[in-house]
Amino acid sequence: MNNYDVRDISLAPSGHRKIEWVKNNMPLLSALEEDFKRDRPFEGLKISLSVHLEAKTAYLCLVLAAGGAQMSVTGSNSLSTQDDVAAALADRGLQVFAYHGATDEEYMKHIEMCLEHKPNIIIDDGGDLVEMLHNKRPDLMEEVYGGCEETTTGVIRLKAMEREGVLRFPMVAVNDAKCKHLFDNRYGTGQSVWDSIMRNTNLIIASKTVVVVGYGWCSRGIAMRAAALGAKVIVTEIDPVKAMEAKMDGYDVMTMDKAAPLGDIFVTATGCKHTITVPHMMKMKDRAILTNAGHFNVEIDMAGLEAAAVKSEEMRNNIIGYTLENGKIINVSSLLGLRNCNAGRIGYCSTKRGIEAMTRAMAAELGPHHIYVNSIAPGTIETNMGGLGALFTDEVIRERSKYIPLRFRGEPEMLVGPALFLASSDSDYVTGTCVIVDGGWCAVD
C-alpha cells in the first residue's frame, strides 16, 4: 500500500506553515504533545483517523504520532480537506489518503485505504470508518479494540448500531463531552460558520433575518453570533423544551412553514434529513441563501430542488443559484457540506479546535487502549445518564489531574460489556474527558 494519496505533495511547505501557526495558538494540545512525547502512550499502536483535514486536526495527528502511534489519516468530508495540509502530513511520514473535491467513489476508497493497516484504535468523525469496518471490510477489524467518535451525526449512527446489537467494539462519544459541545460546538462552530458565510457571500449580516434550523449546541452558537452581528434571528425546533429555551434566549420561534417567507439566510444544523424541503423553498424570498452547518449534506432537499429548478448557475464561487418555476432564485452555498469547513476553505478557529482535539486525544489515550489491556468485551451499556470511562490506577489519575480537574462520585457503577461509550451531558464527575477510579468505573463527562 502506498503511504499517501494526496493531490500534490509539493504543497507541503504551505501546509507546514499553517500547522505551525495553529500549534502556537493551541496551548491545550501543545501541553498534551509534551506529555505524549514523554509517556509514549500509543507506542506500537496503529490509529486510523478520519477528520475534517485542515491545520488544527493535522496538528492533532502529529500529537498522536508523537505519542508513538502509527497514524493513517483520511478526510471525513472531501470538501473540507485542505490539500496543502494533507501534503504536509504525508511529508512528515504519516499515511495520508485525502484530497479536496474527491468524488464519492474516491472518498470511500480513501476511507478504505486508511483502514488497510489494520488499526487498533479508530478516531472517527461522522462514522464512515466504523461503517466501512462493519459492512465492507470486516476483515480489517480483527485488531480493533475501540475508538472514539467526534460529531453528533456519528454518535447518532453509533447509537443506532448499538441498539441493533451490531456494534462490535466500544466507542467513546466525544461529542457528548462538556468540553466538546459547550465550547467546540457552541462557540467554535458559532463563530466559524459566520466567518465563512461572510467571506463567501460578501454580505453584511446586520439587518438580515436569519433562520437557524434546530437549537442544539451548534445552533445555539450560530444563533448567538448572528444576533451579535445585528441579525434578527428565527429558530425552528421540534423539541418543545429546546424551542422554549430559544424563546427565552430572545429569538422568535416558529415552524419552517412560517419562517420560510421571512428569512434572508437559512442555516441548518440538526443532522436530520430534509429539514428544508421544496415546498418551503417555494415560499422563500427571491435570492434567499441556504447553507448547511451539519456534518452531511442531507438537511436541505437538494435532489428535490434540482428537480424543481428550471435552471441553475454559479452566482459566486461556492454559490449556486437555482431558478424556480415562480421566477425566484434560491442561492445554495458551499455545496451543502459543513459551512464552517468548506466555504472559502477557512475552517474552524484554533481555540475551538484545540479544545476538541484535546478531548479526542485524551479519549484515545484513556479509553480504547485500556479497554484492550483489561479485556473489556463489546456488548450493551447500562449506565446512569449514559456515562462511562476507562480503567485506570490511582497513579494515572493523579498524573492526569495535573491538567484535568477531576471530581469523582463515591461508588462506581459496574458495567458489563460496553458497546458504546456515552458521555453524560450533565455529569459533574469529570471535566472534558473520561476517567475511572481504581478498580471500577467512573462516569464520563
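The values are calculated or read from the model by the stated rules, or taken from the named source; none is laboratory data. All values reported here derive from a predicted model rather than from experimental measurement. No Cβ is skipped: glycine too gets one built from the backbone with ideal geometry, and neighbour counts run over all protein chains shown.
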What's the total number of residues in the range 171-206 that are within 17 Å of A231 (Cα to Cα), among the small types (G, A, S) and crowded, with 24+ Cβ neighbours inside 10 Å? 3
May I ask you to say which residue of K56, K118 is at positive phi and not acidic (D, E)? K118
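Which of the residues that make up the range 104-125 are outside any helix (DSSP H, G or I) and either crowded, with 24+ Cβ neighbours inside 10 Å or among the acidic types (D, E) (or both)?
E116, P119, I121, I122, I123, D124, D125
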If V267 passes every condition in (1) surrounded by fewer than 18 Cβ atoms within 10 Å (Cβ to Cβ); (2) assigned to a strand (DSSP E or B) but one, which one does it miss? (1)
Selection status of T81, under 25 Å from E112 (Cβ atoms), assigned to a helix (DSSP H, G or I) and among the polar types (S, T, N, Q): no
Within the range 176-207, count every residue that is touching a residue at least 60 places away in the same chain (Cβ under 8 Å) and part of a helix (DSSP H, G or I). 19
Could you pull out the residue among G68, G101, G44 that is part of a loop (DSSP other than H, G, I, E, B) and either touching a Phe, Trp or Tyr at 6+ places or on another chain (Cβ under 7 Å) or in contact (Cβ under 8 Å) with a residue 40 or more places away in the chain (or both)? G68
Residues that are touching a residue at least 12 places away in the same chain (Cβ under 8 Å) and among the polar types (S, T, N, Q), drawn from the range 257-316: T268, T270, T275, T277, T291, N292, N297
Could you check the range 135-174 and list, in sequence order, the residues that are within 22 Å of E299 (Cα to Cα) and not in a strand (DSSP E or B)? E150, T151, T152, T153, G154, V155, I156, R157, L158, K159, A160, M161
So, in the range 120-137, exactly how many residues are free of Cβ contacts under 8 Å to residues at least 24 places away in the same chain and more than 16 Å from A160 (Cα to Cα)? 0
Filter pass, G304 being over 17 Å from T189 (Cβ atoms), of a type outside the set (K, R), at pLDDT 95 or above and assigned to a helix (DSSP H, G or I): yes
Condition (residue is surrounded by fewer than 24 Cβ atoms within 10 Å (Cβ to Cβ), farther than 25 Å from C218 by Cα and either at pLDDT 95 or above or over 27 Å from the mean Cα position of the chain (by Cα) (or both)) applied to the range 331-354: is it met by at least one residue? no
Checking the structure you have, find out if any residue of the range 172-187 is over 20 Å from the mean Cα position of the chain (by Cα) and polar (S, T, N, Q). no
Residue by residue through the range 278-322, note down the ones that are farther than 24 Å from S196 by Cα and either among the hydrophobic types (A, V, I, L, M, F, W, C) or surrounded by 15 or more Cβ atoms within 10 Å (Cβ to Cβ) (or both). V278, H280, M282, K283, A303, G304, A307, A308, A309, V310
Subset of the range 307-330 [over 17 Å from G263 (Cα atoms), within 28 Å of the chain's Cα centre (by Cα) and either small (G, A, S) or not in a loop (DSSP other than H, G, I, E, B) (or both)]: R316, I319, I320
Could you tell me whether the range 208-218 includes any residue that is under 25 Å from V298 (Cβ atoms), in a helix (DSSP H, G or I) and in contact with a strand residue (DSSP E or B) (Cβ under 6 Å, 6 or more places away or on another chain)? no
When only residues in the range 219-255 that are β-branched (V, I, T) and either on the phi > 0 side of the Ramachandran plot or not in a strand (DSSP E or B) (or both) count, which is surrounded by the fewest Cβ atoms within 10 Å (Cβ to Cβ)? V241
Please indicate, with yes or no, whether at least one residue in the range 213-231 is β-branched (V, I, T), more than 22 Å from G304 (Cβ to Cβ) and within 25 Å of the chain's Cα centre (by Cα). yes
